[in-house]
Amino acid sequence: MPKLKTRRAAAKRFKRTGSGKFMRRKAFRNHLLEKKKTKRKVRLGQKVVVAEVDAPNVELMLPYS
C-alpha cells in the first residue's frame with residue numbers, strides 16, 4: 001500500500017488537538033478591521049473546533065496528523 005499524501009493547504013489551516021479534534025481559524029479578520037469593534041476582533045482571533053460534519057473531510061486531507 002503506498003503512502004498517503006498530506007494536502008499541504010489543509011496542513012497549514014488545521015491543527016489536531018490532544019483529544020483528536022481539529023482546530024481552525026475564524027474568518028473575517030484579514031482586512032477592513034477599523035470598523036470592527038475590538039471585542040469582535042478579539043473573538044475572531046481565537047481558534048475554534050471544526051464542525052462535526054466537516055471533521056471527516058479534514059481527517060482525509062491530513063492522514064498522519
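For a paramagnetic label modelled on MET23 (point 7 Å from Cα along Cα→Cβ), amide N atoms under 20 Å away belong, within region 36-51, to 40-51.
Each label was represented as a point 7 Å from its Cα along the Cα-to-Cβ direction; for LYS5 and GLN46 these points are 3.8 nm apart. Look at (i) 35, 27, 16; (ii) 29, 24, 19; (iii) 53, 23, 19: the one that is Cα extents along the principal axes in Å derived from this structure is (iii).
Taking other Cβ atoms within 10 Å as a rough exposure proxy, LYS39, LYS26 sort from fewest to most as LYS39, LYS26.
Are there any GluC sites (Glu not before Pro) in the chain that are in a DSSP loop and have at most 10 other Cβ atoms within 10 Å? List them by number. Sparse-neighbourhood loop GluC sites (Glu not before Pro): GLU34, GLU52. Between ALA51, ALA27, ALA11, the GNM of the chain built on Cα springs shorter than 10 angstrom shows ALA27 fluctuating the most.
Coordinate-derived values only; no laboratory data. Because the structure is predicted, anything quoted here is derived from the model rather than measured. Note that each Cβ is placed from the backbone with ideal geometry, even for glycine, and that neighbours are counted across all protein chains shown.
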